[in-house]
Amino acid sequence: MIVKSFVLKQRSIAQIAALCDPATIAVVRPGKKIEALFREAIHKTVVEKKQAFDQIVAIREHFCAMATSDQYIKIVDETVDTIATYLREAMYVQTTAYALEDYVLAKCSRLCAEALFDRVGGTLLDGTQLMICHQDAHGNQHFDWTASQEQITNRCKDVNGPVVIAGGFGMLDSGYVVRVGKDGAHMMASLIAAVLQAKSIEFHIEAAGVAGIPAMTYDEAAHYCASSQAPFSSSAIWPAKNAGIPILVKNIEDETFEGTIISTGSAHRTDVISDKGLNLITVYGTGLLGRVGMSGGIFSCLASVGINVRFIAQTSSEYSISFAINEADKDRALEAIRSLFQDNPLLPLDDVVVLNQAVGIVTIFGSKMRNLPGTSASVFSKLGAAGINVIASAQGGEELSISLVVNEADTDKAAALLK
C-alpha cells in the first residue's frame, strides 16, 4: 500500500487518476485557484451582503469540467446548490467570513475527492470523519492523534482500493468542520500511512520536490518546512518519521524529476532558509524575574487569540522574552500581551513591551551541524563582517538549527552570506 497526497486541478486530474492504482490511498485537496473562488463567494455574501452569482456559476463550471459521468454532475449540482443556499442564509445573520470558511472549503475538498473517485472508482471517504479535533475554553482547536488513529483504523481497513479521501479538514465533538493545521491534507496522508503501516508516502506538488534537493533526513526536512516558502508544513513529516516510512516528494508537472526522498539516514547537508513579513515583540522587566508561569501566561494569551509564534528567545536572567509573529498578527498580539499585564497588579510598572517591526528570520539548519565546533562562531562572524546586526537569536539543544532575527532589509543578504 502507498499513500499519496495530491493538489487537484483541472489540468492535472487525468494525470493524478493514472497514479491511483488499486494499492493507492489518495488524499486530495483543492488547488489555490478554486479555493480562491470559494473565498470570493464567501466575501461577496458576508462582507458585501450581495448574492455571489458569478462565483457560484464559476464553481459549478470548474467542477463539471472534470466530470466523466452523469452521477458526478448530479453530485456537483446538489453540493453547489447546498453551498449557495448556505451563503444566502448567511447574508441575514451576524457572522464573519472566517467563521464560514472551514465548512465551505471542506465542501470544496469533498468535490475534489468526488471528481477523482468518479474516474478511478474504489472507495470514497470523507476526511472529516477521520480527523478528530477538540476545542478548548478559548475556542482553539486541537488535533486528537489517538482518536484519529482509531477512526483511520476502523474506516480504512478491509476497503476496496483505490481509496480516495477528501483531505485537509476534521471535525469537532460538536459536529463543526475545522481545518486541520496549515496543510492538513499532507499531514492526513502521513498519519494514515503511519497508522496503516504503508510501504511509502508520496506528496505530489507543483514544485521540484523540497527545493530540488535529492535527499534529506526527517529532521532536515522538518526544519526546512517550518519556513513559509516550504511546499508543505513540517507537521506532515512527524507521523512518517515516527513510523519510519519514507516520504517521496514528487513534481506533478515534471515527471523527469525523481523527487526528494525524506527518510532516516546519514546527515546530508546544511542549508539556509529565510522568512520576511514578521514582527518581533520583546517583553522585559523585573516582573519576569523568578515568576513561575510568566512564560506560560504570555504564550497562552497569544494562543487564545489564535496567534502562531514563529520564534522564541529568552535570556537566562529571566529578564526578557522575545518572540516573532506574522506582521498581520501584530495588533492582536500587542493587545493580548498588554491585557495580561493590566490584569496582573503584581507586575511592577517598569515592565515594558517593545515592538520591532519589519524583521526577517534567517535559519541555518542541517544534521551536519551536530557536534561541529565553531558553527555559531562562523555564522556570527560572517554577519558581523558584513555589517548585519543580529537583533535576536536562538539555537535548539538538538544542534540542528540556528535562527537569527535581522532587519527585513538585511534578510536576503544574510541568507546569501550563510549559504
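The values are calculated or read from the model by the stated rules, or taken from the named source; none is laboratory data. If you're wondering where the values come from, they're calculated on a predicted model, not measured in any experiment. Backbone-built Cβ (ideal geometry, glycine too); neighbour counts: all protein chains shown. To get the accessible areas, we keep the full protein, side chains included, count just its heavy atoms, and leave off ligands, DNA and RNA. Shrake-Rupley method; radii C 1.70, N 1.55, O 1.52, S 1.80 Å.
From the residues in segment 139-167 that are in contact (Cβ under 8 Å) with a residue 40 or more places away in the chain and among the hydroxyl-bearing types (Ser, Thr, Tyr), which one is farthest from Gly127 (Cα to Cα)?
Thr153
For segment 310-323: of the residues being at pLDDT 85 or above and farther than 16 Å from Val353 by Cα, which is least open to solvent (accessible area, probe 1.4 Å)? Full working, then the answer.
If we filter segment 310-323 for residues that are at pLDDT 85 or above, which is where we start, we get 310-313, 321-323.
Checking the rest, the ones that are also farther than 16 Å from Val353 by Cα come to 310-311.
On the way: Arg310: 67, Phe311: 11 Å².
Looking at the filtered set, the residue picked out is Phe311.
Just checking: which of the strands (runs of 3 or more DSSP E) contained wholly in segment 181-271 hold 2 or more residues that are in contact with a Phe, Trp or Tyr (Cβ under 9 Å, 6 or more places away or on another chain)? Working first, answer last.
Numbers: elements: 200-205, 215-217, 247-251, 260-263.
Passing ranges, in order: 200-205, 247-251, 260-263.
crowded, with 16+ Cβ neighbours inside 10 Å and of a type in the set (Ser, Thr, Tyr) - does that describe any residue in segment 169-183?
no
Suppose we filter segment 135-150 for residues that are in a loop (DSSP other than H, G, I, E, B), at pLDDT 80 or above and open to solvent by 50 Å² or more (accessible area, probe 1.4 Å); how many remain?
Number of matching residues: 0.
Condition check ((1) in contact with a His (Cβ under 6 Å, 6 or more places away or on another chain); (2) surrounded by 21 or more Cβ atoms within 10 Å (Cβ to Cβ); (3) not aromatic (Phe, Trp, Tyr)) across all residues:
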site	(1), (2), (3)
Gln357	no, no, yes
Gly366	no, yes, yes
Phe380	no, no, no
Val390	no, no, yes
Ser393	no, no, yes
Ala414	no, yes, yes
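Please return the ranges of helices (runs of 4 or more DSSP H) entirely within segment 1-99 where 2 or more residues are open to solvent by 70 Å² or more (accessible area, probe 1.4 Å).
Result: 32-46, 53-64, 70-90.
Six or more apart or on different chains, Cβ atoms under 8 Å: show the pairs whose first residue is in segment 30-41 and on the phi < 0 side of the Ramachandran plot and whose second is among the polar types (S, T, N, Q).
Pro30/Ser109; Leu37/Gln55; Phe38/Gln55; Glu40/Gln55; Ala41/Gln55
What residue, of Ser190, Ser200, Ser227, is modelled with pLDDT of 85 or more and surrounded by fewer than 19 Cβ atoms within 10 Å (Cβ to Cβ)?
Ser200
What pairs come out if I take residues in segment 80-100 that are touching a residue at least 24 places away in the same chain (Cβ under 8 Å) and pair them with residues that are β-branched (Val, Ile, Thr) and open to solvent by 60 Å² or more (accessible area, probe 1.4 Å) whose C-beta lies under 8 Å away, six or more apart or interchain?
Short answer, once both residue conditions are applied: Ala97/Val47.
For segment 253-274, which residues satisfy the criterion of being closer than 15 Å to Glu202 by Cα, modelled with pLDDT of 85 or more, touching a helix residue (DSSP H, G or I) at 6+ places or on another chain (Cβ under 9 Å) and open to solvent by 10 Å² or more (accessible area, probe 1.4 Å)?
Within segment 253-274, Ser263 is the sole residue that qualifies.
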